[in-house]
Amino acid sequence: MEDVIVVTGPCTLSGQVQVTGAKNSVLKLMAVVLLAQGRSSITNVPNIQDVWIMAEFLRRLGCRVDYDVDAATVHIDVPAVPGHQADYDLVRAMRASISVLGPLVARCHQAEVALPGGDAIGSRGLDMHRSGLELMGAAIAIDHGYLVARAPDGLKGAH
């Protein structure tokens, strides 16, 4: 059942409401820009800590990131060869950083992403990333607290 607001009386409503972008959407969009070299822009970006962390995460992979809070826009310049290792200090700060795993394997044919919270690969959905990449031809291993994925011949489409 939907919630409904009913306004009665001689008055009418007027005005504007600003709806900010969704955190879970913008973080995945920021990760997916790794798939292509060049500049990408994302609009309607909420001013939240996770966006700042993902921006730093991308910087450490070699991207240039400009976040204009007033315009709610992030501009990301991805280099020809981005880095492929995601350090634990940022993964620990934001679990959504695992979202870079697939784009890095697709683009660089390898990725090393620290496991958030230890070696429990099945916890909180990390196994979904692993099994999906394995179906597409990546070899996955856990090495010293990192989820290491390699696909030297690239990824192949799968169901």
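The values are calculated or read from the model by the stated rules, or taken from the named source; none is laboratory data. Source: prediction; values computed, not measured. All Cβ positions, glycine included, derive from the backbone under ideal geometry; neighbour counts span all protein chains shown. Protein only, heavy atoms only, side chains kept; ligands, DNA and RNA dropped before computing areas. Shrake-Rupley method; radii C 1.70, N 1.55, O 1.52, S 1.80 Å.
Among residues belonging to segment 1-38 that are more than 27 Å from the chain's Cα centre (by Cα) and of a type in the set (S, T, N, Q), point out the one that is most open to solvent (accessible area, probe 1.4 Å). Filtering first and then ranking leaves Q16.
Looking only at segment 71-89, filter to residues that are farther than 15 Å from V33 by Cα and open to solvent by 20 Å² or more (accessible area, probe 1.4 Å); which one of those is modelled with the lowest pLDDT? Looking at the filtered set, the residue picked out is D87. Candidates R95, R64, R60: the one that is open to solvent by 30 Å² or more (accessible area, probe 1.4 Å), out of contact with any Ser or Thr (no Cβ under 9 Å at 6 or more places or on another chain), modelled with pLDDT under 90 and basic (K, R) is R95.
Would you call V113 among the aliphatic types (A, V, I, L, M) and open to solvent by less than 20 Å² (accessible area, probe 1.4 Å)? So V113 passes the test. When each of V74, V26, V91 is tested for being more than 29 Å from H144 (Cα to Cα), in contact with a helix residue (DSSP H, G or I) (Cβ under 9 Å, 6 or more places away or on another chain) and part of a helix (DSSP H, G or I), the lone residue that passes is V26.
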